[in-house]
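Let me begin by presenting the structure, written as structure tokens, before commenting on it.
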Amino acid sequence: MEKSGVIKPVLDANYPMISHGKGIYLYDTEGKRYIDGSSGAVTANIGHGVEEIAGVMEKQAKQIAFVYRSHFTSAPAERLANKLAALAPGDLNWTFFVNSGSEATETALKVAIQYFQEQGIRTKTKIISRWTSYHGITLGALSMSGHALRRERFTALLEDFPAVPAPYCYHCSLNKTYPGCGLACGHELERAIGDIGSENIAAFIFEPIVGAAGGAVTPPPGYYEKIKEICDRHNILTIADEVMTGMGRTGKMFAVEHWGIEPDIMTLGKGMSAGYTPMAATMVSDRIIDVIRKGSKIVMSGHTFSANPLSAAVCGEVIDYMEKHELVRNAEDQGKKLIAGLKDLQKKYPIIGEVRGKGLLCGLEMVSDAATRVPFSVTHRVGEMFISLCFKNGLVIYPAFGGVTGFEGDSVLISPPLTITSFQIYEMLRILDESMEELMNGLISAGILAHKATS
């Protein structure tokens, strides 16, 4: 292969060359097949090589691929916005289209602050977020992220937004146990508001289920109901970051539906386009838009490719495909089988500390001692080893490291396309079993672990 000028995740690593994909499978140029057990970056929700999407893409490209949002609107963008409004909870009837999840969360930040400015309230400029969270890699989005590993290099440039612990019951930072804790992590939001002052806080942003920062960390019952009540009482907007969890991934169209809450702002990405085009969105409630319409009439944000007709047409067809094939229901049904299979592996391998998640957003956390829940040392790179073994064996899964201390914590996300079948679930579990056995043997040989598989 000729010399590469592509900046890859690890500069001197060798990556296989992709050839093509079909359904849940990927094929490299050497002919090796992989199960896409992470949907890429939890993105390829409808699988690879869907001909209907390619057809719409070609048709729209021949008609008009790009116009600038300040000059024209387009039928595909209007149709997509209306479809999203019909699907979204509450009065999230307005959509600002962007190109990535990071741009979507930054737009949400700006809209929240502008909403109060339009009312003459200029002190509300802070966004509260949680530790063990990830909202994007651009500076505004990273400021809202409580992902220590990704913040570390840029700390001097970031706002100090993370203020409260995530509802991470397996490793409670408050040393409490649900339900006896009385949702203490929820009460921490009230404490933080008191410290910062509600007059200074525009919004609270949260991932309904924590993704890359923790590996499908799922809150206990009642948590989000408490969070929403606290925010409403203090005149603080709620921003649901559904970039990873939205569009059917958790067995509901949007993860907030599991708790029956209606956020003021919601961000989407990843599964909205299913990887067929770069596109994301910030959805905004009627109440917020009404205030801006009576004021400046302009949402102060924008990107060159926002709402381009080509991407909008593709995303609209992705949603049509999901509805036609009932993929949200399939995510719920197959997710139950996946969780059950992962829990069977947990019984077999003592380094699997917890299995968690909803639908087809599942997390598996590995610990050095399941009884004490002590994580492996970051120097052992256990999570990386497991991902590499799975990849060697033909399964792609996604890292979610650092959730326990900010640096320690070996969790992975298992999040295949929503089109997956029962047979393919068991095929994936077989590779996970094989890879976990290899990992255990390797850790024992290296003297890192004394345990063996139980049966």
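The values are calculated or read from the model by the stated rules, or taken from the named source; none is laboratory data. Not measured: the values here are computed from a predicted model. Cβ placement follows ideal geometry from the backbone for every residue including glycine, while neighbour counts extend to all protein chains displayed. Areas reflect the complete protein model, heavy atoms only, side chains present, ligands, DNA and RNA absent. Shrake-Rupley method; radii C 1.70, N 1.55, O 1.52, S 1.80 Å.
Summary of values
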item	result
Residues of region 340-374 satisfying the condition of being part of a helix (DSSP H, G or I), of a type in the set (Lys, Arg) and under 24 Å from the mean Cα position of the chain (by Cα)	Lys343
Residue, surrounded by the fewest Cβ atoms within 10 Å (Cβ to Cβ), within region 331-341, restricted to residues that are touching a Lys or Arg at 6+ places or on another chain (Cβ under 9 Å) and touching a residue at least 40 places away in the same chain (Cβ under 8 Å)	Glu332
Residue identified as surrounded by fewer than 15 Cβ atoms within 10 Å (Cβ to Cβ) and either touching a strand residue (DSSP E or B) at 6+ places or on another chain (Cβ under 9 Å) or β-branched (Val, Ile, Thr) (or both) among Thr138, Thr218, Thr132	Thr138
Any hit, region 410-429, residues being of a type in the set (Gly, Ala, Ser), crowded, with 22+ Cβ neighbours inside 10 Å and not in a helix (DSSP H, G or I)	yes
Helices (runs of 4 or more DSSP H) wholly inside region 1-110 containing at least 1 residues that are over 29 Å from Gly215 (Cβ atoms) and modelled with pLDDT of 95 or more	51-63, 75-87
Residues being of a type in the set (Asp, Glu), in contact with a strand residue (DSSP E or B) (Cβ under 9 Å, 6 or more places away or on another chain) and touching a residue at least 24 places away in the same chain (Cβ under 8 Å) - total across region 221-244	2
Qualifying position, being surrounded by fewer than 17 Cβ atoms within 10 Å (Cβ to Cβ) and touching a residue at least 12 places away in the same chain (Cβ under 8 Å), among Gly182, Gly260	Gly260
Residues that are closer than 22 Å to Arg293 by Cβ and outside any helix (DSSP H, G or I), drawn from region 111-124	Glu118, Gln119, Gly120, Ile121, Arg122, Lys124
Top-ranked residue in region 375-404 [being β-branched (Val, Ile, Thr) and without any contact (Cβ under 8 Å) to a residue 60 or more places away in the chain; ranked as most open to solvent (accessible area, probe 1.4 Å)]	Thr379
Residues of region 272-300 satisfying the condition of being touching an Asp or Glu at 6+ places or on another chain (Cβ under 7 Å) and in a loop (DSSP other than H, G, I, E, B)	Ser285, Gly295, Ser296
Residues of region 223-256 that turn out to be open to solvent by less than 30 Å² (accessible area, probe 1.4 Å) and within 19 Å of Ala192 (Cβ to Cβ), as a count	11
Identity of the residue in region 81-120, open to solvent by 50 Å² or more (accessible area, probe 1.4 Å) and without any contact (Cβ under 8 Å) to a residue 40 or more places away in the chain, that ends up nearest to Met300 (Cα to Cα)	Gln117
Residue match in region 436-450 (condition: among the acidic types (Asp, Glu), modelled with pLDDT of 95 or more and in a helix (DSSP H, G or I))	yes
The one condition in (1) farther than 14 Å from Leu84 by Cβ; (2) in contact with a helix residue (DSSP H, G or I) (Cβ under 7 Å, 6 or more places away or on another chain); (3) modelled with pLDDT of 95 or more; (4) open to solvent by 10 Å² or more (accessible area, probe 1.4 Å) that Ala307 fails to fulfil	(1)
Considering residues of region 266-299 that are touching a Phe, Trp or Tyr at 6+ places or on another chain (Cβ under 8 Å), surrounded by 20 or more Cβ atoms within 10 Å (Cβ to Cβ) and not hydrophobic (A, V, I, L, M, F, W, C) only, the residue farthest from Ala313 (Cα to Cα)	Ser285
Residues being in contact with a His (Cβ under 9 Å, 6 or more places away or on another chain) and open to solvent by 30 Å² or more (accessible area, probe 1.4 Å) - total across region 41-57	2
Flag for Gly442 being farther than 21 Å from Gly359 by Cα, open to solvent by less than 20 Å² (accessible area, probe 1.4 Å) and touching a residue at least 12 places away in the same chain (Cβ under 8 Å)	no
Residues located in region 345-369, provided they are open to solvent by 20 Å² or more (accessible area, probe 1.4 Å), touching a residue at least 24 places away in the same chain (Cβ under 8 Å) and of a type in the set (D, E, K, R)	Lys347, Lys348, Glu354, Lys358
